[in-house]
Amino acid sequence: MSIYTKILKKKKLVIFDLDGVLLNSRANMKAAWDYTSKCNNLTSNFNEYLQYVGLPFFKILEKMRIQGNYLDIKKNYSKGSKLNIHRNKLYPNVHKTLNKLKKLGKIVALYTSKDPVRTKLFLKKFDLNFDSVQCDNKNLKGKPHPDQLLIIMRELKIKKKDAILIGDTSYDYLASKNSKIDFIYAGYGFGKKIKHKFTIKKINQLIDG
């Protein structure tokens with residue numbers, strides 16, 4: 001039994017980030033950013049955008065010091081993402097891992113900075129089902145603030161000691177730290193590489209010995 005399986009055995013709730021953990025959306029994001037850049041005459045390249053992935057979209061634009069109508073930019077990004085939905089792929093063994101966790105009696109939740117419309121669209125396309133979903137919400141502080149994680153636990157009536165987050169960015173790690181829950185780092189994802197005691201190279205390490 002792997003160390004990760006032992007860790008999850010003690011947990012009731014497993015919370016997953018979407019992009020870079022379950023969904024390999026790098027090609028989709030690049031196509032969406034290229035489309036947005038063309039529509040809004042933006043000069044910042046995709047690699048600069050990618051280093052902030054995980055934060056709420058408007059916060060990414062602020063970090064990149066982009067000028068312009070943020071609502072219009074977000075609208076075009078969303079459109080570009082939908083037009084290129086075929087460029088998204090699930091990482092290997094995602095369904096296997098989620099189904100195994102459910103069979104073990106675990107509650108599974110999703111925690112993403114993606115907007116509600118695209119989140120619902122992508123979950124439907126890839127037949128992914130969660131007990132709770134928290135995505136971009138203008139009434140809540142996004143990553144790395146703990147607000148959405150706390151809501152997930154409150155909705156599902158789970159104590160902090162019984163929850164764990166699987167994420168691929170430093171923003172996910174900080175969100176877990178700020179909400180005082182445990183964290184496993186998906187080292188195969190998009191985020192700038194961080195050193196963490198518990199790091200997986202593929203998702204099925206969570207349930208395979």
Next item on the list: On the protein heavy atoms, probe 1.4 angstrom, tell me the percent of accessible surface of region 44-178 carried by carbon and sulfur.
Entry: 50 percent
Next item on the list: Grab the DSSP H runs of the chain that are 4 residues or longer, score each as -39,500 (n - 2.57), total them, divide by all residues and round the 222 nm result to the nearest 500 deg cm²/dmol.
Entry: -12500 deg cm²/dmol
Checklist line | Reciprocal of mean inverse Cα separation for region 1-99 (Kirkwood radius, Å) | finding: 15.3 Å
Margin query: Charges on Cβ only, +1 for Lys and Arg, -1 for Asp and Glu, centred on the Cα centroid of region 7-90; of V53, I66, F16, which one is farthest towards the dipole's positive end?
Written below: F16
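Using 0.36 nm per residue, how much length does the chain from N139 to K59 gain when fully extended, once their Cα-Cα distance is taken away? Walk me through the numbers on the way to the answer.
Details: separation 80, 0.36 × 80 = 28.80 nm, distance 1.44 nm.
Separation in residues times 0.36 nm, less the Cα-Cα distance, equals 27.4 nm.
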Next item on the list: Would you mind checking K75/K160; K10/K201; K124/K177 for any pair whose Cα atoms are more than 24 angstrom apart?
Entry: K75/K160; K124/K177
Item checked: region 92-157 - Rg and Dmax from Cα coordinates, angstrom -> 12.7, 35
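The values are calculated or read from the model by the stated rules, or taken from the named source; none is laboratory data. This one's a predicted model, so the numbers in the text were calculated from it and none came from an experiment. So basically every Cβ, Gly included, is an ideal-geometry build from the backbone, and we count neighbours across all protein chains shown. Heads up: the accessible areas ignore ligands, DNA and RNA and are worked out on the full protein's heavy atoms, side chains in. Shrake-Rupley method; radii C 1.70, N 1.55, O 1.52, S 1.80 Å.
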